[in-house]
Every structure is written in C-alpha cells, then in structure tokens.
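Report on the following structure.
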Amino acid sequence: TSVPIGRIAGGQRNFDFKDFYGHGVDEVAFALQRQIERFVAGEEKNLANASVLTICRCGVTPFLDYMIARSTAEQRDFTLGDINRNLIDGFLGWLRHGDTKLGSQRSCYSSFKSVLFSLGKRGLITVVDEGDDRTFPKNPFPGAFRSHKGAKPLPKGQRQAFAKALRKTVLPLFHSDALLNTYLLTAALLLVALHTGRNATPLLEMRTDCLRAHPKAGRLFLVLFKRRGYTTHKVALRNTSRTDDDSKDIE
C-alpha cells in the first residue's frame with residue numbers, strides 16, 4: 001500500500017494508502033493508489049515528486065476521508081460507479097464546513113480533480129462534461145483569489161539592510177583564491193534571487209550554460225527553466241567585471 005514518491009527536499013518520501021482500506025471504499029482507494037503510481041512512473045504526466053506528494057496530501061487524503069465518512073453514514077460500500085456530481089457536491093460541502101481557508105479548499109479540489117480526471121481519461125469513471133449533471137462544477141470557489149493575502153514585503157529599511165549584508169557576505173567570491181562553502185554559495189544564490197526576482201527552484205536548477213549571449217553589448221541573458229508549463233525564462237543582466245570597490249553596484 002506504500003507508494004514511493006521519490007526524493008523530496010533531501011529525503012526519500014512515501015505515501016501510504018493503508019489507512020484507507022477496510023472502510024468501505026477499497027475499490028476507490030485502490031484506483032487512486034494505482035493512479036498515483038502512474039504519476040510517479042511518468043506514464044501520464046511529468047509531475048515533480050513534490051507535486052505528486054501534494055496531490056496525495058491535499059487531494060487524495062481529504063477525498064477518501066470524506067468517502068469513508070459517507071460510507072460509514074450510509075452503511076454501504078462505495079465503488080468507482082458512485083463517483084458522480086452528487087458525490088462531488090458532497091465533497092465540496094465537506095471542504096466548506098472544515099477548518100481550512102477558501103484558498104486551501106480550492107487547492108484541495110484542484111488536486112483531487114486532477115486524479116479523478118485521469119481516471120476518467122482511462123475509462124474507470126464516467127466524466128460528464130456538460131449540463132447540470134456535469135461531474136466537475138465550473139467555479140465551485142468564486143472569489144478564492146481575492147480571499148488570498150500574500151506575504152507582506154519587508155519595509156524599505158530592512159530590504160536595504162538585507163541587501164547590504166548580502167553584498168558584504170559575497171565579497172570573497174571576487175577573489176581568485178576564494179574558498180567556496182555552503183554558506184557562501186547560499187548567500188550568492190540569495191543575491192542572484194534578489195537581483196533577478198526569480199523563484200528559488202529555477203535558480204537552484206540553473207545549468208552551467210545558463211548565461212547566454214545578448215544582442216546588446218554589455219548584456220547577457222540568464223536562461224532559467226520553469227517546470228510548470230515546461231518553459232524557459234530569460235532575464236537580462238549587465239555583463240561587467242566587478243571588484244571589491246564596485247561591488248556596491250549589485251542591487
């Protein structure tokens with residue numbers, strides 16, 4: 001019942017379905033387990049290990065918990081044939097009456113929908129695309145984006161202090177005899193993130209040939225790969241040599 005997801009954040013991670021068996025939803029639990037195994041094997045989608053684990057935790061777990069609760073309440077076993085609009089509406093109501101915020105509810109729905117949609121493509125469940133009985137409602141969480149509040153930016157004084165500390169920390173990199181260590185490399189990565197505004201994952205996965213020629217003199221392209229959408233992003237950078245004196249230009 002344990003599905004090996006793969007290495008995530010430095011460790012081997014698994015997701016175990018054992019707690020979902022023996023509660024009247026075995027057929028559904030087994031189908032979802034096999035679908036997750038197909039995701040891990042890359043048979044349908046090229047998903048990152050972290051994405052598969054998120055689908056298991058945020059989508060599969062609450063959906064099976066709901067089905068177990070409903071199976072217990074109705075005192076009958078549930079099968080794949082029971083997955084229809086009525087069941088989906090019940091699950092949405094289960095999410096709305098829980099303790100999670102609207103944005104988290106939407107993420108749960110999106111995660112479990114991706115699994116059920118794959119089951120539908122394989123013909124294991126019937127997916128209705130149109131009409132009042134369509135399996136998946138068009139917009140079950142209206143206004144979810146407006147309810148989400150992002151992290152507040154640091155005050156200007158703290159941003160300036162942070163940038164100054166990073167500039168001071170990475171100064172040894174401008175010496176040919178610099179001894180690299182994890183602390184120095186981490187500071188350098190943070191400085192690149194601060195300068196380019198790119199996310200951590202594309203920066204951590206930079207290739208050695210990520211710097212490319214730019215049509216303008218004194219410029220370079222930093223080419224990064226973004227897993228979501230399988231696209232590349234280009235960031236224009238100044239191509240200038242730096243010393244200890246002019247390292248203050250790093251912003």
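Here are the numbers for this structure:
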| quantity | calculated |
| --- | --- |
| Within segment 187-237, considering residues that are of a type in the set (Val, Ile, Thr) and under 24 Å from LEU166 (Cα atoms), the one most open to solvent (accessible area, probe 1.4 Å) | THR208 |
| In segment 84-115, residue surrounded by the most Cβ atoms within 10 Å (Cβ to Cβ) [restricted to those that are of a type in the set (A, V, I, L, M) and over 16 Å from ARG57 (Cβ atoms)] | ILE88 |
| Of residues in segment 123-145 being surrounded by 13 or more Cβ atoms within 10 Å (Cβ to Cβ) and without any contact (Cβ under 8 Å) to a residue 40 or more places away in the chain, the one farthest from the chain's Cα centre (by Cα) | VAL127 |
| Selected residue (criterion: surrounded by the fewest Cβ atoms within 10 Å (Cβ to Cβ)) from residues of segment 162-186 that are more than 21 Å from ARG207 (Cβ to Cβ) and among the polar types (S, T, N, Q) | SER176 |
| Residue match in segment 56-68 (condition: surrounded by 15 or more Cβ atoms within 10 Å (Cβ to Cβ), free of Cβ contacts under 8 Å to residues at least 60 places away in the same chain, of a type in the set (Phe, Trp, Tyr) and closer than 27 Å to ARG227 by Cα) | yes |
| Selection count, segment 3-54, where residues are out of contact with any Phe, Trp or Tyr (no Cβ under 9 Å at 6 or more places or on another chain) and either open to solvent by 50 Å² or more (accessible area, probe 1.4 Å) or under 30 Å from LYS226 (Cβ atoms) (or both) | 29 |
| First in segment 41-54 and free of Cβ contacts under 8 Å to residues at least 40 places away in the same chain, second anywhere and crowded, with 17+ Cβ neighbours inside 10 Å and β-branched (Val, Ile, Thr), Cβ under 8 Å, 6 or more apart | LEU47/ILE55 |
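The values are calculated or read from the model by the stated rules, or taken from the named source; none is laboratory data. None of the values given here were measured: they were computed from a predicted structure. Please note: Cβ atoms are built from the backbone with ideal geometry, for glycine as well, and neighbour counts cover all protein chains shown. Just so you know, the surface numbers come from the protein's heavy atoms only, side chains and all, with ligands and any DNA or RNA stripped out. Shrake-Rupley method; radii C 1.70, N 1.55, O 1.52, S 1.80 Å.
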